[in-house]
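To start, I am sharing the structure in question, which I have written as C-alpha cells.
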Amino acid sequence: MGNAKPSLTAFLVCDMVIDDKSTSKKSLIGTFTHIWAQGFPCVHHKMAVYFCLTDAEGEYEMMLRLVNSESEAILAEAGLSLTITDRLSISDFGVNIPVVQFPTPGRYEFQLYANKDFLGRKEFLVTKLNPPPAPEQN
C-alpha cells in the first residue's frame, strides 16, 4: 500500500451528519466541544464525526478511534475502507456513532488513521454538571 498519506483538512465532532444523496452535501447538526453529564458513567446517544481529506489517492483502511486523552484507553473504534481516485479531489465523510459510554469526566479525543498513519485528533471535554446548591436550612 504505497498510497500517499492523506491531508486532513477538517475534523469535527457533532450530534449527527446527514448525507444528502441528491447533492452529495453533508449537513453537520450540533457541532460541539463539550458534553455535560449528570453522573458517571454517562451514556451519550447522538454523536458523529465529520472529516475531510485531500491529497489522497488509492485504497485506504481508515480507523476512527475514541480514546481518553490522559490514559489513552480506547473507548470505541470503527474501521472503514475508502477508495479515492483523484489526488486533487477533496473528499468528505461523516460517521454516525449510535451510543458512546464515558466512564469518567475528562478530556477525550477522536483519532483518525489512514493505513495505520496518524492523520489527526479532535479533542472534547466531558464534564460533570454541578447540581444547584441546596437551599439553606434554618
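List the number of the failed condition for T23; all other conditions in (1) part of a loop (DSSP other than H, G, I, E, B); (2) under 12 Å from V126 (Cβ atoms); (3) of a type in the set (V, I, T) hold.
The failed condition is (2).
Those residues that are farther than 13 Å from N115 by Cα and either among the basic types (K, R) or surrounded by 17 or more Cβ atoms within 10 Å (Cβ to Cβ) (or both), I need them from segment 62-83; list them, please. Break it down stepwise before answering.
Step one: of segment 62-83, the residues farther than 13 Å from N115 by Cα are 65-78.
Within segment 62-83, R65, L66, V67, N68 meet the criteria.
Can you find a residue in segment 84-93 that is touching a Ser or Thr at 6+ places or on another chain (Cβ under 6 Å) and at pLDDT 95 or above? Spell out how you get there, then give the answer.
First, pick out the residues of segment 84-93 that are touching a Ser or Thr at 6+ places or on another chain (Cβ under 6 Å): 84, 90.
Subset that is at pLDDT 95 or above: none.
Within segment 84-93, none of the residues are touching a Ser or Thr at 6+ places or on another chain (Cβ under 6 Å) and at pLDDT 95 or above.
Now, a different point. Kindly evaluate L75 against the criterion of being at pLDDT 95 or above and of a type outside the set (V, I, T).
Working: at pLDDT 95 or above: no; of a type outside the set (V, I, T): yes.
Spelling it out, it is not the case that L75 is at pLDDT 95 or above and of a type outside the set (V, I, T).
Give the residues of segment 101-133 that are under 16 Å from Q38 (Cβ atoms) and of a type in the set (A, V, I, L, M), sorted by residue number.
L125, V126, L129
So which strands (runs of 3 or more DSSP E) stay within segment 30-138 end to end and still have 1 or more residues that are under 17 Å from the mean Cα position of the chain (by Cα) and without any contact (Cβ under 8 Å) to a residue 12 or more places away in the chain? Can you show your working first?
Values: elements: 34-37, 42-44, 47-54, 58-68, 74-84, 90-97, 100-102, 106-114, 117-128.
So the answer is 74-84, 117-128.
Being loosely packed, with under 11 Cβ neighbours inside 10 Å and closer than 17 Å to P103 by Cβ is the filter here, so list the residues in segment 10-45 that pass it. I'd like the intermediate steps shown before the answer.
So in segment 10-45, the residues loosely packed, with under 11 Cβ neighbours inside 10 Å come out as 20-25, 33-34, 38-39, 41, 43, 45.
Answer for segment 10-45, where residues must be loosely packed, with under 11 Cβ neighbours inside 10 Å and closer than 17 Å to P103 by Cβ: Q38, G39, P41, V43, H45.
The values are calculated or read from the model by the stated rules, or taken from the named source; none is laboratory data. Source: prediction; values computed, not measured. Glycine gets a Cβ as well: all are built from the backbone with ideal geometry, and neighbour counts include every protein chain shown.
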